[in-house]
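The values are calculated or read from the model by the stated rules, or taken from the named source; none is laboratory data. Note that the structure is predicted; figures quoted are calculated from it, not measured. Here the Cβ positions follow ideal geometry from the backbone for every residue, glycine too, while neighbour counts run over all protein chains shown. Surface accessibility is based on the protein's heavy atoms, side chains included, excluding ligands, DNA and RNA. Shrake-Rupley method; radii C 1.70, N 1.55, O 1.52, S 1.80 Å.
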Amino acid sequence: MGIFKMKKSELRNIIREEIQRLSEAKFTLNKLEDYYYDNEDDIRDNMRVYGYKKGKDVAKIRNPYDLADVLGIDSRLVRHVDVQVYADMLGGLLDNK
């Protein structure tokens, strides 16, 4: 069934479920650190691809889309976070090695 043939109540339920799913998928600072250690090589590769040479360059990111690109994740996970705090933490982790 196409989206245009749905009843409004069905569409509202789908939207409500999606909002709930996204709100439960919070990308906390703890998850960022765990994700970093699990995916460090990929993150460093992404850094190079997007032109960041060091962690201090990553720490200057203020855009959730750029942060998501470096992490290699869906930007919806970091759209509602304080990007400066997350980028600073990621930059510190990257410079420690």
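Go over the candidates Asn13, Asn39 one by one and state the one that is at pLDDT 80 or above and under 15 Å from the mean Cα position of the chain (by Cα).
The match here is Asn39.
Yes/no per residue for (1) of a type in the set (A, V, I, L, M, F, W, C); (2) under 14 Å from Gly92 (Cα atoms); (3) in a helix (DSSP H, G or I); (4) open to solvent by less than 60 Å² (accessible area, probe 1.4 Å):
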site: Glu33; (1), (2), (3), (4): no, yes, yes, no
site: Ile43; (1), (2), (3), (4): yes, yes, yes, yes
site: Lys53; (1), (2), (3), (4): no, yes, no, no
site: Arg76; (1), (2), (3), (4): no, no, yes, no
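Of all residues in region 60-74, those satisfying the criterion of being touching a residue at least 12 places away in the same chain (Cβ under 8 Å) and either more than 16 Å from the chain's Cα centre (by Cα) or surrounded by fewer than 20 Cβ atoms within 10 Å (Cβ to Cβ) (or both) are Lys60, Arg62, Asn63, Pro64, Asp66, Asp69, Gly72, Ile73. Taking the condition at pLDDT below 85, within 16 Å of the chain's Cα centre (by Cα) and open to solvent by less than 100 Å² (accessible area, probe 1.4 Å), does Leu90 pass? No; evaluated as a whole, the condition is false for this residue.
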